[in-house]
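First the structure, in the form of structure tokens, and then the observations on it.
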Amino acid sequence: MSLYSLRIAALLGLLTVAPALAAEPKPDASIINKVIEANVTLDPQIKADAPLAAYCLADGKTWIDKNAADAAKERKEDPQAFRDGKWSFERKYSVRSVVADRYVSILRDDYMNTGGAHPNSDVNTILWDKSAAKPISIRPFFTETADNGPAMKAMLAAVITSLKAEKKKRDATETATAEWFKELQPKLLKIGAVTLAPSTTAGKSSGLTFHYPPYAVGPYAEGQYVAFVPWETLKPYLSAESQAIFGGARPKGDAEDN
């Protein structure tokens, strides 16, 4: 092959790779110094909603600043903690569902590498009310959410049933035990990070999904878990105004993504 042909082939190869490189999202906030590299990324759907984007970005910047301060303090106290290089942090905000063109469920996924035996991850959620332009809890969707009340007890029972089924699918039934579920309680702040699950019916939610990082309900090797509670289980406890937003079934693809 001639030198000219080789150059053309190389150029075509670069053109093939370029779109993939261009698709890598640029962080919306970041910091790089001698002790830490951290970034925050919002998905395009979030950035299209200015109040939601501002909220997520402020939340992410606070997270970056805290980790930067913690890393700087740790380096002063124990320089050996950075013998393998700077610490790395990554946070991504993504839309999980939009219900009734009002309620936006956001997943907040974190990656952390602080020089330990392995990197770690975490997951949390935000439920955003577009009409009020602020985050809310799921309390308004229910007639009551008292700690240890009937709604929370029913919710927790359904969560554990779902987790056991998921562990069976993963051939991890040996960890489907009360010991691994003991941190889960029939309390809104102790049951897990929650989102409105998407539905096969447009504009509706098929129920609630609860998101758990590694170690929360199983060993690190099992990774994250998602527990699904169908809206039919919740129906006796739904407030009158929220009954209109629930319906349909959980999409097959959503369940397979667990």
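Among residues that are more than 23 Å from S205 (Cβ to Cβ) and of a type in the set (V, I, T), I46 is not included. Considering D70, D84, D59, the condition of being in a loop (DSSP other than H, G, I, E, B) and outside the structural domain of L188 (by TED's automatic domain parsing) is satisfied by D84 alone.
Considering only region 18-34, I want to know if a residue exists there that is in a helix (DSSP H, G or I) and at pLDDT 95 or above. The answer is no; no qualifying residue exists. Against the test of being surrounded by fewer than 17 Cβ atoms within 10 Å (Cβ to Cβ), in the same structural domain as E37 (by TED's automatic domain parsing) and under 20 Å from the mean Cα position of the chain (by Cα), the options D101, D129 yield a single qualifying residue, D129. Among the residues of region 169-228, those that are farther than 20 Å from D110 by Cα, hydrophobic (A, V, I, L, M, F, W, C) and part of a loop (DSSP other than H, G, I, E, B) comprise A172, A176, L184, L188, A202.
The values are calculated or read from the model by the stated rules, or taken from the named source; none is laboratory data. All values derive from a computational prediction rather than experimental measurement. Glycine also receives a Cβ, built like all others from the backbone with ideal geometry; neighbour counts cover every protein chain displayed.
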